[in-house]
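First the structure, in the form of structure tokens, and then the observations on it.
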Amino acid sequence: MLRPVVSIPLPSSAHSRLVRSGYRSLADFSECQSPPGLPPPADPPSVRSAWTLVCQLHDQPHFLTHLPALDALLGSRGLPLAAVCELVACPSSAIADLCLHLCAAIQMPPRQMSAVYIDSTGSFSRQAALSAADSFCRQHPDIHSDIDP
């Protein structure tokens, strides 16, 4: 005899969801079959090691931050393009200034790409962003000389 799903020690809300999804007995959880009315499961995604991911990141194009000490820490390659880079720091560490600097750096020639700045603290200031871009341009006149004011 097949053991019913409701005999599993779960909250009643879980039992209800399982039954609504087509699971009636433990046999419905077999890897060989899908619950009634659902397509068979897709093949699992390929597994990649951390080393493979590091190598893929290494092969991606990068951009220099125009901060020599930071670029040196990053292996003289800067930050990867088309990637999410999470920067975390203690309060009052000027992390917002660094992020704004990086956003300005990627938007200047020769890259002239877009950047997204996500401020999880809610302290974003439009004026600070404009100031960071202006400061970057003043510090690197050779980079922005082709840009119209």
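The values are calculated or read from the model by the stated rules, or taken from the named source; none is laboratory data. Everything quoted here is computed from the prediction, not taken from an experiment. The protein model used for the area step is the full one, side chains on, heavy atoms only, and it has no ligands, DNA or RNA in it. Shrake-Rupley method; radii C 1.70, N 1.55, O 1.52, S 1.80 Å.
A few comments on the model shown:
- The residues Phe29, Phe136, sorted by heavy-atom accessible surface at 1.4 Å with ligands and nucleic acids left out, run Phe29, Phe136 from largest to smallest.
- Asp142 accessible area, assembled protein chains, probe 1.4 Å, Å²: 120 Å²
- Couplings 3J(HN,Hα) of segment 95-107, computed from phi: 5, 4, 4, 4, 4, 5, 4, 5, 5, 5, 4, 6, 8 Hz, in residue order, whole Hz [Karplus 6.51 cos²θ - 1.76 cosθ + 1.60, θ = phi - 60°; x for Gly and Pro].
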